[in-house]
Amino acid sequence: MTRVLIVGHGRMGQLVEQLAGEHRCVIAGIVKRGDAISSATRADVAIDFSTGAAAASNLVALGNAGISVVIGTTGWIVPESELRRLAETFHIGVLASANFSIGLHVFRHSVTNAAAEFGEQPGYRAWIHEVHHVHKKDAPSGTALLLKDTMVRAGYPRDIEVTSERTGEVPGTHTVGFDGPADTVTLTHAVRDRAVFAHGALDVARWLQGRRGWFSMDDFLEARPAWRHVLTGPE
């Protein structure tokens, strides 16, 4: 069993608590708003779904306790380079992602291919539109920014407009579009149940146990043969 410390007990933290047993994880403790992370805490991995503003201070406290961490918060107030430095300083494992849906990261593979192809067609302009519930504070979402980065890395050479919408209780919908003179191509990933994020974070927590360094969801997926087959096709 992997001993998991939950940092942040909002909707996502509560889902992690409820679903932990399905992933051979046991809850070692729960850090709620205003609580301190003790250096005496015994856990294998923490899952941080608190706030982006607390990401760096939480990482320091967890590093002092020797606890690796899965970071699911977005809207950090420090650059990623600083969090990477902290992970190296404390010799812990850290996997940070704006989205823990496996489907989203397979979706990114399709976005990569589309961005590369449409990048070579000067008549097509790209855009991203994301929709989330009214409680989400950061806009655009971390996932939208991740998709934009994916497209840029794929070689899309022109501006990519990113727009956001906050309405109701939508867990998260992201649409990538390519507009040409006479047609539009869209790719959409829509979450129906936010439990998918908790399931993904728990899977990652089990994988991260015992590892050291800074990791991404790509590292996690590439280390698992079944998902490598989905992402790249048979060799």
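Being open to solvent by less than 70 Å² (accessible area, probe 1.4 Å) and farther than 23 Å from Leu19 by Cβ is a property that does not hold for Gly142.
Looking across segment 91-107, the residues that are open to solvent by 10 Å² or more (accessible area, probe 1.4 Å) and among the aliphatic types (A, V, I, L, M) come down to Ala96, Ala98, Ile102, Val106. Ile77 fulfils the conditions (1) modelled with pLDDT of 95 or more; (2) open to solvent by 50 Å² or more (accessible area, probe 1.4 Å) except for a single criterion, (1). Of all residue pairs spaced 6 or more apart or on separate chains, those with beta-carbon atoms under 7 Å, a first member in segment 69-91 that is farther than 20 Å from Asp203 by Cα and a second member that is assigned to a helix (DSSP H, G or I) and open to solvent by 40 Å² or more (accessible area, probe 1.4 Å) are Ile77/Ala53; Leu86/Val60. Filter segment 129-148 down to residues that are hydrophobic (A, V, I, L, M, F, W, C) and closer than 17 Å to Val170 by Cα and give me whichever is nearest to the chain's Cα centre (by Cα). Ranking the candidates gives Ala144 first.
Hey, does segment 112-132 have a residue that's small (Gly, Ala, Ser) and closer than 29 Å to Arg24 by Cβ? I'd like the intermediate steps shown before the answer.
Residues of segment 112-132 small (Gly, Ala, Ser): 114-116, 119, 123, 126.
Then drop every residue that is not closer than 29 Å to Arg24 by Cβ, which leaves none.
No, segment 112-132 contains no residue that is small (Gly, Ala, Ser) and closer than 29 Å to Arg24 by Cβ.
If you filter segment 36-53 down to residues that are over 19 Å from Asn99 (Cβ atoms) and surrounded by 15 or more Cβ atoms within 10 Å (Cβ to Cβ), you find that the one that is modelled with the lowest pLDDT is Thr41.
In the set (1) open to solvent by less than 10 Å² (accessible area, probe 1.4 Å); (2) modelled with pLDDT of 95 or more, Gly119 fails one condition alone, (1).
Checking the conditions here, which among Arg11, Arg33, Arg24 is surrounded by fewer than 20 Cβ atoms within 10 Å (Cβ to Cβ), farther than 24 Å from Asp219 by Cα, in contact (Cβ under 8 Å) with a residue 60 or more places away in the chain and not β-branched (Val, Ile, Thr)?
On the way: Arg33 fails: in contact (Cβ under 8 Å) with a residue 60 or more places away in the chain; Arg24 fails: farther than 24 Å from Asp219 by Cα.
Arg11 is the lone residue from the list that is surrounded by fewer than 20 Cβ atoms within 10 Å (Cβ to Cβ), farther than 24 Å from Asp219 by Cα, in contact (Cβ under 8 Å) with a residue 60 or more places away in the chain and not β-branched (Val, Ile, Thr).
Residues to consider are Asp179, Asp203, Asp193; find the one that is among the acidic types (Asp, Glu) and under 24 Å from Ala115 (Cβ atoms). Asp179 is the lone residue from the list that is among the acidic types (Asp, Glu) and under 24 Å from Ala115 (Cβ atoms).
The values are calculated or read from the model by the stated rules, or taken from the named source; none is laboratory data. Quick caveat: nothing in here was measured; it's all calculated off a predicted structure. A quick note on method: Cβ atoms are made from the backbone with ideal geometry, for glycine too, and the neighbour counts reach across all protein chains shown. Keep in mind that these areas ignore ligands, DNA and RNA; they rest on the heavy atoms of the full protein, side chains included. Shrake-Rupley method; radii C 1.70, N 1.55, O 1.52, S 1.80 Å.
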